[in-house]
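Bear in mind these aren't lab numbers, they're just calculated from the coordinates by the rules spelled out. Owing to the predicted nature of the structure, the values given are computational and were not obtained by experimental measurement. Quick reminder, even Gly has a Cβ in these numbers, built from the backbone with ideal geometry, and neighbours come from all protein chains shown.
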Amino acid sequence: MSLPTQERLQEIQDLYREWMQLLPKLKAARCDWQRGEDLMRQLADFYFGGGYLACIEAEEQGQQFDLDTQGEYSILSEDAVWNAVGDQQTLAWQWLRDALETLDRDGNQSGQPLTHSMY
């Protein structure tokens, strides 16, 4: 392999700098993802565990609920939680596929971290 030009070295240095600036955001996104998982678990428990249906049946019997929505759909609307579960699953599959692509990009099928040896 030939020696990279000064210009190419600077391009790589700039890419590395950008990566270093992005890394904390990626770590924060992981924390956000974990919080989102906790939120969705609770929403799914409500929706699929009978709470949603009980509220709908109570509404049909005249019960009124005063929910403070701030522009989002009500959790008692027909598809709000259902769609949120679907959105989470779609995003999870996208992230998983992206992660697998990253891990496999160099043909590393072992599941072990890539090692770099100078010898």
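Can you tell me the orientation of helix 6-48 relative to the chain, as the angle in degrees between its alpha-carbon axis and the longest Cα principal axis, to the nearest 10?
That helix lies at roughly 20 degrees to the long axis.
Would you mind working out the magnitude of the charge dipole of the chain relative to its Cα centre, with +1 at each Lys and Arg C-beta and -1 at each Asp and Glu C-beta, to the nearest 20 Debye?
On the way: 9 positive and 21 negative charges, 181 e Å.
With only Lys, Arg, Asp and Glu charged at Cβ, the dipole is about 860 debye.
Suppose we look only past 22 Å in the calculated P(r) of the chain. What percent of the Cα-Cα pairs does that tail hold?
Looking at the chain, the distances longer than 22 Å represent 61 percent of pairs.
To the nearest 10 degrees, how steeply does helix 80-104 sit against the main Cα axis of the chain, on a 0 to 90 scale?
Taking Cα atoms only, the helix is inclined about 10 degrees.
State, to one decimal in nm², a quarter of the convex hull surface area for the C-alpha atoms of segment 15-73, i.e. the direction-averaged projected area. Don't jump to the answer; show the numbers that get you there.
On the way: hull surface 24.6 nm².
Answer in nm², one decimal: 6.1.
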